[in-house]
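Here's the structure, in structure tokens; my notes come after.
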Amino acid sequence: MRLRLLGAAIAAPLLFSAAPAGAVVLFSFSPGEASPATGYTIINTFDTAAGITGSGFLIKTPPSDSQGAPPANSDPSGTPYLSVLGGGSATITFDGPVSRFQFDWGSIDRFNTLTIDATGVDKIVIPGANFINAANGNQVSPGTNGLFTVWGTAGETFNAITLESGRNSFEIDNLATGTAAVPEPAAWAMMILGFGGVGAMVRRRRAIPLAV
């Protein structure tokens with residue numbers, strides 16, 4: 001039993017230390033949560049179209065209409081937001097590479113497409129496909145209005161994002177960049193080793209006979 005536990009503890013850091021070689025771009029979605037999270041700073045509230053290239057997009061203000069609806073999770077509500085219309089495209093280039101970013105994504109639908117320029121390699125995110133989430137365009141549900149965050153596993157940097165939509169609309173607000181900590185592979189390995197050590201100590205104590 002001790003040999004098996006030791007083998008598992010050794011295998012764990014090997015698994016995580018191999019992660020950088022196969023580094024990937026990761027993303028998460030927090031239903032109903034708003035940008036910015038702790039450790040992030042908003043760089044674009046989309047009050048104007050400054051810094052956005054492309055065509056077929058609008059800077060919209062509430063209320064909702066056929067050309068867009070504000071992300072229901074945005075705080076404060078009632079402010080301008082970016083809406084990419086059917087057949088449109090909007091590219092936002094960061095002011096220098098960033099290590100992680102997030103934004104309020106509203107009315108998520110399967111005809112929305114997000115392309116992430118990550119250190120020269122494009123990562124494409126499609127709701128209802130590789131983004132497993134509600135994708136029915138609901139304008140008020142937390143399941144389709146929330147905080148979308150992107151980061152990498154091995155220090156990747158991000159240069160730009162492109163929003164495209166097959167139909168009206170792809171809506172975002174409050175784009176933020178940050179340095180919020182995501183556990184590194186070595187940190188995860190140390191945590192696993194620590195848990196393994198605690199488990200081994202508990203088993204050892206149970207095995208010691210009580211004095212009578």
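Side notes on the structure shown:
- For residue 79, the stated conditions hold: it is open to solvent by 30 Å² or more (accessible area, probe 1.4 Å), under 16 Å from residue 49 (Cα atoms) and not in a strand (DSSP E or B).
- Residue within region 160-167 that is touching a strand residue (DSSP E or B) at 6+ places or on another chain (Cβ under 7 Å), under 22 Å from residue 24 (Cβ atoms) and surrounded by fewer than 17 Cβ atoms within 10 Å (Cβ to Cβ) present: yes
- Annotation note: Cβ proximity below 6 Å between a residue of region 114-126 that is at positive phi and a residue that is of a type outside the set (A, V, I, L, M) and crowded, with 17+ Cβ neighbours inside 10 Å (sequence gap 6+ or interchain) occurs for 119/156.
- Residue in region 138-153 that is nearest to residue 71 (Cα to Cα), counting only those that are assigned to a strand (DSSP E or B) and of a type outside the set (A, V, I, L, M): 146
- Among the candidates 164, 156, the residue that is outside any helix (DSSP H, G or I) and over 15 Å from the mean Cα position of the chain (by Cα) is uniquely 164.
- Only one of the listed residues (65, 95) is free of Cβ contacts under 8 Å to residues at least 12 places away in the same chain and either closer than 17 Å to residue 161 by Cβ or loosely packed, with under 14 Cβ neighbours inside 10 Å (or both). That residue is 65.
- Close pairs from region 152-167: first among the hydrophobic types (A, V, I, L, M, F, W, C) and at pLDDT 95 or above, partner outside any loop (DSSP other than H, G, I, E, B) and surrounded by fewer than 16 Cβ atoms within 10 Å (Cβ to Cβ), Cβ under 6 Å, at least 6 apart: 160/93
- Selection count, region 93-127, where residues are assigned to a loop (DSSP other than H, G, I, E, B) and aromatic (Phe, Trp, Tyr): 1
- Residue within region 45-54 that is of a type in the set (D, E, K, R) and either open to solvent by less than 70 Å² (accessible area, probe 1.4 Å) or modelled with pLDDT under 95 (or both) present: no
- Residue 58 vs. criteria in a strand (DSSP E or B) and open to solvent by less than 30 Å² (accessible area, probe 1.4 Å): no
- If you go through region 101-155 and keep only what is surrounded by 22 or more Cβ atoms within 10 Å (Cβ to Cβ) and among the charged types (D, E, K, R), you end up with just 104.
The values are calculated or read from the model by the stated rules, or taken from the named source; none is laboratory data. Since this is a predicted model, take the numbers as computed values, not measurements. With ideal geometry, Cβ positions are generated from the backbone for all residues, glycine too; neighbour counts draw on all protein chains shown. Just so you know, the surface numbers come from the protein's heavy atoms only, side chains and all, with ligands and any DNA or RNA stripped out. Shrake-Rupley method; radii C 1.70, N 1.55, O 1.52, S 1.80 Å.
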